[in-house]
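S.K.: Before we start, here is the structure in question, set down as C-alpha cells.
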Amino acid sequence: MIQNNISIRLTPEEFDAVQKALEVINNTLSPYLIQLTPEQRRQLPKMSDKTTPFVEKSLELAKQYPQFVPEIMDVNELKVDFDSVQTLRSLHKPLEKLYDQLSDTILLAGSEAYTASLAYFNNVKSAVAIAEQTTAEAQQVFDELNKRF
C-alpha cells in the first residue's frame with residue numbers, strides 16, 4: 001500500500017475565508033510594496049539582522065548630533081525607512097513560515113498523487129505487456145497515459 005501522509009479537504013467556506021483574507025492582505029499592502037528586478041536586488045546594499053543595530057544606532061546618533069548629517073541625507077526619511085523595515089519584517093516572518101508550510105504541503109500532496117499515478121500506470125503497463133492480460137481497455141488506458149508521461 002502506498003503511504004499516504006496527507007489528506008486535505010478544505011471546505012468551500014474555509015477556502016473562501018482564506019481567499020478573502022489574502023485579498024484583504026493584498027489590497028492593504030499592495031499600494032506600499034514594490035517589485036525589484038534581479039539586477040536591482042543584486043546591486044542594493046542589504047540591511048540584515050547583523051546590520052540592523054548599526055542602522056538603529058546611526059538613526060539615534062543622527063538625531064542627537066545633527067551637525068554630522070550630510071546634506072544628501074534626510075534623517076526623517078531614515079526613520080521612516082527604518083520603521084517600515086521593522087513593521088514589514090514583523091509581517092514577513094509569519095508569511096514566510098506560512099509560505100514554506102504551504103509549499104511543503106503542496107510538494108507532499110503532489111508527490112503522493114504522482115506516486116499513486118505511477119503505480120497505476122505501471123500496473124496498466126504490466127497488463128499490456130502480458131499478452132493474455134492485454135485487453136482493448138488496458139491498451140486504451142496505457143496509450144492515453146503514455147501520451148502524458
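We did not get these values from a lab; they are worked out from the coordinates using the rules stated. Bear in mind the structure is a predicted one, so any value in this text is a computation, not a measurement. Cβ atoms come from the backbone with ideal geometry, glycine included; neighbour counts cover every protein chain shown.
S.K.: In a GNM of the chain with a 10 Å cut-off on Cα contacts, which of Thr37, Thr87, Thr28 has the highest mean-square fluctuation?
M.R.: Thr37
S.K.: Counting other C-beta atoms within 10 Å, which of Thr51, Thr11 has the fewest, and how do the rest follow?
M.R.: Thr11, Thr51
S.K.: Work out the length of the dipole vector of the chain about its Cα centre, built from +1 on the beta-carbon of each Lys and Arg and -1 on the beta-carbon of each Asp and Glu, and round it to the nearest 20 debye.
M.R.: That gives the chain a dipole magnitude of about 380 debye.
S.K.: Pick out, from Ala116, His92, Leu44, the residue whose Cα sits farthest towards the positive end of the charge dipole of the chain, with +1 on the Cβ of Lys and Arg and -1 on the Cβ of Asp and Glu.
M.R.: After comparing all options, I get Leu44.
S.K.: To the nearest 10 degrees, how steeply does helix 12-29 sit against the main Cα axis of the chain, on a 0 to 90 scale?
M.R.: That works out to roughly 30 degrees.
S.K.: Each residue of segment 117-122 in turn: what ³J(HN,Hα) in whole Hz from Karplus with 6.51, -1.76, 1.60 and θ = phi - 60°, glycine and Pro shown as x?
M.R.: Once rounded to whole Hz, the list reads 5, 5, 4, 5, 4, 5.
S.K.: Which angle from 0 to 90°, rounded to the nearest 10, does the C-alpha axis of helix 52-64 make with the longest principal axis of the chain?
M.R.: 20
S.K.: Pairs of lysines 8 or more apart, or on different chains, with alpha carbons under 25 Å: count those in segment 47-148, would you?
M.R.: 9
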